[in-house]
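For reference, the structure is listed below as structure tokens.
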Amino acid sequence: MIARPFAELSSIGVAVPPGVLTNHDLAGMLDTSDDWIVERTGIRERRIATAEQSVAMLSRDACQRALEGAGITATDVDSIVLATATPDRLLPPTACDLQALLGAHRAAAFDISAACPGFVFALTVAEGLIASGQSGTVLVVGAEKLSTITDFEDRSTAILFGDGAGAVVVRRSSSQGRGILSTYIKSDGRLAPLLYRPGGGSADPISEKVVCERSHFMKMSGREVFKAAVLAMAEACDEAIRRAGVAAEEIDLLIPHQANLRIIEATAKHAGLPMSKVMVNLDRYGNTSSASIPLALEQAISEGRVGEGSLLLLVAFGAGFTWGSSVIRW
Ligand code: COA
């Protein structure tokens, strides 16, 4: 087997819609309060896209920034791997709409449906495309418009989610030791009904009944999801660290999926990392599913918390259930 790293993250770009929905706004719509939401989740506000701002458009803005950072153009891209739980249309892949918007005419473009850890799954696929020689330059995107599948009449879920996009340019590793040192992905489909959209897919196509029952929106058993997330995130941290052959103490920054501050704190505690080594920005964005890790990573870089040689641990959990992790030498 060829030794890792095969692939590195060359640059990053993000895009969030300007529209802000605060906890106070939600308290005006639902039986909830800023105090309750902050105490149980750590979230203070989230971004909400307008009807015109599509997932492909948010992705385009994020990708253009990432391409600029890497000093390349869209026609240099060999593959686009877009993780989303909220494709603009069910056919074609949103990645193809993104490809057209970018003018990335040489690329193969496809979506990945893996819920919140979608970015980690997409990174894993991108690494494989590079290691196999299929692609030299891959755009990995995590982008969501969760506001379109959130039931704003359901206080147990409406408080959690937001919209946004993040993209990285992944290329063949250029220098010794820099890049993706490990990835780990896992799923357990037996637990699907704990967090899902019952209607609107091919099993129960969109109909008046689906809309009246509001079954095209996300349904969640919050407590069960919470417990499963804590266990899965812990396992994923251990696995990525073990596979990378590093020690937990060497990790400079943990970049977890931004779902709930209490889940993040439990994950950090399990990994033996102080909160000073954990990137948290869910107070500003809420849970943006597959966009949350690139949004947190980009903010960590712009705040100077990630520099050349930093050892990063990415970890995420979501519907499916799905979970995954990666250790990256920046
Ligand atoms: N505002 C006020 N009260 C609320 C509320 C809200 N937004 N949502 C629920 N409640 C109420 C419940 O109705 C319940 O009331 P009751 O005791 O009178 O029945 C009470 O608060 C406790 O509800 P519970 O669901 O047990 O709260 P919790 O402490 O588990 O917190 C979540 C709820 C959703 C914040 C929490 O379970 C969670 O974050 N789970 C993980 C969700 C997640 O991250 N999903 C995405 C994974 S990628």
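The values are calculated or read from the model by the stated rules, or taken from the named source; none is laboratory data. All figures in this text were calculated on a predicted structure; none of them were measured in a lab. No Cβ is skipped: glycine too gets one built from the backbone with ideal geometry, and neighbour counts run over all protein chains shown.
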### Task
Among the candidates Arg242, Arg214, Arg223, Arg262, single out the residue that is outside the structural domain of Ala122 (by TED's automatic domain parsing) and over 21 Å from Ala158 (Cα atoms).
Arg242
### Task
Kindly indicate the residue of the range 192-225 that is over 20 Å from the mean Cα position of the chain (by Cα) and surrounded by 16 or more Cβ atoms within 10 Å (Cβ to Cβ) and also nearest to the ligand (Cβ to nearest atom) among those meeting that condition.
Pro198
### Summary
Contact list, first residue from the range 299-323 and of a type in the set (Lys, Arg), second anywhere and surrounded by 18 or more Cβ atoms within 10 Å (Cβ to Cβ), beta-carbon distance below 7 Å, six or more apart or interchain, is Arg305/Leu253; Arg305/Met279
### Task
Give Val77, Val55 a once-over and let me know the one that is more than 16 Å from the ligand (Cβ to nearest atom), of a type in the set (Val, Ile, Thr), out of contact with any helix residue (DSSP H, G or I) (no Cβ under 7 Å at 6 or more places or on another chain) and modelled with pLDDT of 95 or more.
Val77
### Task
Among the candidates Asn287, Asn260, single out the residue that is within 14 Å of the ligand (Cβ to nearest atom) and in contact with a strand residue (DSSP E or B) (Cβ under 6 Å, 6 or more places away or on another chain).
Asn287
### Message
It is to be established whether one or more residues within the range 82-101 are more than 21 Å from the chain's Cα centre (by Cα), surrounded by fewer than 19 Cβ atoms within 10 Å (Cβ to Cβ) and not in a loop (DSSP other than H, G, I, E, B).
### Response
yes
### Residues that are crowded, with 23+ Cβ neighbours inside 10 Å and among the β-branched types (Val, Ile, Thr), drawn from the range 125-136
Ile130
### Query
buried (at least 16 other Cβ atoms within 10 Å of the Cβ), outside the structural domain of Thr137 (by TED's automatic domain parsing) and away from the ligand (no atom under 15 Å from the Cβ), is that true of Glu250?
no
### Query
Which one of Ser156, Ser147 is assigned to a helix (DSSP H, G or I) and within 25 Å of Arg65 (Cβ to Cβ)?
Ser147
### Query
Listed residues Ala300, Ala266, Ala234, Ala228; which is farther than 30 Å from His24 by Cβ, more than 11 Å from the ligand (Cβ to nearest atom) and among the small types (Gly, Ala, Ser)?
Ala234
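Residue-by-condition table, conditions (1) in contact with a helix residue (DSSP H, G or I) (Cβ under 8 Å, 6 or more places away or on another chain); (2) over 26 Å from Thr322 (Cα atoms); (3) of a type outside the set (Lys, Arg):
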residue: Asp25; (1), (2), (3): no, yes, yes
residue: Asp34; (1), (2), (3): yes, yes, yes
residue: Gly42; (1), (2), (3): yes, no, yes
residue: Arg47; (1), (2), (3): yes, no, no
residue: Glu68; (1), (2), (3): no, yes, yes
residue: Ala83; (1), (2), (3): yes, no, yes
residue: Thr86; (1), (2), (3): yes, no, yes
residue: Leu98; (1), (2), (3): yes, no, yes
### Query
Of the conditions (1) among the hydrophobic types (A, V, I, L, M, F, W, C); (2) in contact (Cβ under 8 Å) with a residue 60 or more places away in the chain; (3) in contact with a Pro (Cβ under 8 Å, 6 or more places away or on another chain), Ala259 fails just one. Which one is it?
(3)
### Message
Given the condition of a type in the set (Val, Ile, Thr), more than 16 Å from the ligand (Cβ to nearest atom) and crowded, with 24+ Cβ neighbours inside 10 Å, answer yes or no: does some residue in the range 144-166 qualify?
### Response
no
### Task
Determine whether the range 271-281 contains at least one residue that is in contact with a helix residue (DSSP H, G or I) (Cβ under 7 Å, 6 or more places away or on another chain) and within 12 Å of the ligand (Cβ to nearest atom).
no
